[in-house]
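The values are calculated or read from the model by the stated rules, or taken from the named source; none is laboratory data. Here the structure is a predicted model, which means the values were calculated and not measured. FYI the Cβ positions are ideal-geometry reconstructions off the backbone, even for glycines, and counts take in every protein chain you see.
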Ligand code: SF4
Ligand code: SF4
């Protein structure tokens, strides 16, 4: 029985409710009157529920589909302007006891070397990331009680925050590790993490159990209820995601939005971010086994419909996707991207991109500097901003600002400040020229005269060597 505030996974992600939603969406996929009324509601920027959004996703009317894409672009512009936040993943360990059939780190895979970084190796990786210009990381680790216990993760976070190398600093560590207990979430919260990210992979319980035959992750309810425990442990910025291609995408889409609705209804705060990974090639993974893989146009529409349904939630796309797909996704709603990523353990300290410990193949293999220049040429303002959680703007405080569109007053000036830091410390000459052009172009968009003066003053101070200003 569907119950949005239930603490039981099978009630807040109720299979019957998803099936009814899909049937409703099918019945109305050519219902121009209903679709127009949903779009009118969406235009107010207050979001849509999973049924309304599912109708948009199912819609087969070409003119309405055009409107959906345009609406997503408009909402993206209204809430996020032109800024795009950059981050990098940092793989700590690929030891894993789970049996996820789509991931090369699964415990039974004997064809890959197993690596776990020491604290010294983490230091070296972080310095390499700082030398690229990164300020925000997402740490990734397999699940292993002996190799990767919580003590190792906490020590690693501490190490990462402690490294001050040249002008570099990692100012926000997001954490993507296996579902755990309230106690351990409290420890992560006390360690000062940014967002806790955990992908559901699939919301379809039966498929979930087939795809996760062994290990603690095989427990669907424990995994699906993880964000509730994280919030109980004090983490109020959580990041959702499904691995599109494991199940029928419309099922996943409805489940994802129901999960967001559950968090909002139960804890008063929805997900901070939603990631949209797609199944892609990797070592020991047979892509032919995944018949629900989705095409680019469908993927673009999913991104647009998520953007419309949850306008205040950041959306993330990784280097799994090509530069071309990423450009399209940025236009439709993505607000954060990774850049210069290596998806292998220890990948940032090796000259050659290592291939033997990668979790997934990287499609966008450009350097961070190339990605920065590309973003600016597309008219975006790349940002390394980490201000909100450092200013205590998390959870419901953040969401309130976001929903009122007031967060924009901070985002653009912070984007310009962190861009200026990047240009001063790391950019190639060509990127510097592009960056100075962008700063000049976007300064006038900071409309509050006091904020604009403060910004101009701080930009000068950065030129003189000062760092880490924030609004
Ligand atoms: S997806 Fe995560 S839990 Fe599953 S095998 Fe890979 S690293 Fe382990
Ligand atoms: S001001 Fe807050 S919401 Fe805006 S980019 Fe910075 S951290 Fe993100």
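Quick test for you: out of 357, 349, pick the one residue that is within 16 Å of ligand 1 (Cβ to nearest atom) and touching a helix residue (DSSP H, G or I) at 6+ places or on another chain (Cβ under 9 Å).
357
Working only within the range 203-233, note down all residues that are within 23 Å of residue 336 (Cβ to Cβ) and touching a helix residue (DSSP H, G or I) at 6+ places or on another chain (Cβ under 7 Å).
If the condition is that a residue be within 23 Å of residue 336 (Cβ to Cβ) and touching a helix residue (DSSP H, G or I) at 6+ places or on another chain (Cβ under 7 Å), then 203, 227, 230, 231 are the ones that fit.
Within the bounds of the range 376-386, is there any residue that is closer than 17 Å to residue 136 by Cβ, more than 12 Å from ligand 2 (Cβ to nearest atom) and either at pLDDT 95 or above or touching a helix residue (DSSP H, G or I) at 6+ places or on another chain (Cβ under 8 Å) (or both)?
yes
Do you know which of the residues in the range 132-156 that are in a helix (DSSP H, G or I) and under 23 Å from the mean Cα position of the chain (by Cα) is nearest to ligand 1 (Cβ to nearest atom)?
Within the range 132-156, the match that is nearest to ligand 1 (Cβ to nearest atom) is 153.
If you take the residues of the range 130-156 that are touching a helix residue (DSSP H, G or I) at 6+ places or on another chain (Cβ under 6 Å) and within 19 Å of residue 349 (Cβ to Cβ), which of them is farthest from ligand 2 (Cβ to nearest atom)?
156
If I ask for residues that are within 16 Å of ligand 2 (Cβ to nearest atom) and assigned to a loop (DSSP other than H, G, I, E, B), which ones from the range 71-114 would you list?
Passing the criteria: 81, 82.
Please go through the range 1-21 and pick out each residue that is in contact with a helix residue (DSSP H, G or I) (Cβ under 6 Å, 6 or more places away or on another chain) and in a helix (DSSP H, G or I).
9, 12, 18, 21
Tell me, which residue of the range 399-428 that is in a helix (DSSP H, G or I), in contact (Cβ under 8 Å) with a residue 24 or more places away in the chain and surrounded by fewer than 20 Cβ atoms within 10 Å (Cβ to Cβ) is nearest to ligand 2 (Cβ to nearest atom)?
410
Filter the range 429-455 down to residues that are assigned to a loop (DSSP other than H, G, I, E, B) and without any contact (Cβ under 8 Å) to a residue 24 or more places away in the chain, then give me how many there are.
So the first thing to find is which residues in the range 429-455 are assigned to a loop (DSSP other than H, G, I, E, B), and the list is 446-448.
If we keep only those that are without any contact (Cβ under 8 Å) to a residue 24 or more places away in the chain as well, we get 447.
Number of matching residues: 1.
Could you list all residues from the range 22-45 that are free of Cβ contacts under 8 Å to residues at least 40 places away in the same chain and assigned to a loop (DSSP other than H, G, I, E, B)?
Passing the criteria: 28, 29, 30, 31, 44.
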